[in-house]
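Note sheet for the following structure.
Every number here is computed from the coordinates shown, using simple stated rules; none is lab data. These numbers come from a predicted model, not from an experiment. As a convention, Cβ positions derive from the backbone with ideal geometry for all residues, glycine included, and neighbour counts pool all protein chains shown.
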Amino acid sequence: MVIRTRRFGAVFAAAVAAFALAATPAFAHFCSKSGWSDAALQHAAKSQAWMTAAEWGEFIDFAEAEGEICPAGAENLRSQVASRSEDTLFMGPGLLAGGTLKNGKGNTPGHFDYLDFESAFGACA
C-alpha cells in the first residue's frame, strides 16, 4: 500500500509539474480593453480579473520595489498604461489561453490591446 501511495504521489507531482511548465507562457499575457460603457466599466472594475490604471500602477510599483523589474522597465510600463484612454481596464495577472493577437488571422476583437513587456524588460538590458 505504501509503494502504491508513493507511486501515485510521484505521478501526481510529475503531472502538476508538466501542467505548470505548459501553462507558464500563458501567464505573460497582460491585455487591456477600452471602449467599456460606463455601467460595464464600473461593474468590471469591481471584478477580480480587471484592474484600473491606478491598480496597475500599484502593481508596477510593487514589482519594482521587489526587484522584479528595473526602474527603466517600470517607467516603460507606467507610460504604456498612461497612454490608454480613461475607459480602459487591464487584465490582472492570470491565466489566459493563447490569444487572437498572435494567431495571425486578424481576428482580434476590437478594443483589445496588450502591454508590451518585451520593450519594458528590454529597457532593463
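Can you tally the net charge around residue 91? Count Lys and Arg as +1, Asp and Glu as -1, for every other residue whose Cβ sits under 13 Å from the Cβ of residue 91. Local net charge: 0. Backbone phi angles across segment 58-63, fed through the Karplus curve with coefficients 6.51, -1.76 and 1.60 (θ = phi - 60°), yield HN-Hα couplings of 5, 4, 5, 4, 4, 4 Hz in residue order; Gly and Pro are listed as x.
Over all other residues within a Cβ to Cβ distance under 12 Å of residue 78, the charged ones net out to -3, with Lys and Arg as +1 and Asp and Glu as -1. Could you tally the net charge around residue 123, taking each other residue with its Cβ under 15 Å from the Cβ of residue 123, Lys/Arg +1 and Asp/Glu -1? Net charge around residue 123: -4.
Applying 0.36 nm per residue to the separation of residue 79 and residue 31 and subtracting their alpha-carbon distance, the gain on full extension is 15.8 nm.
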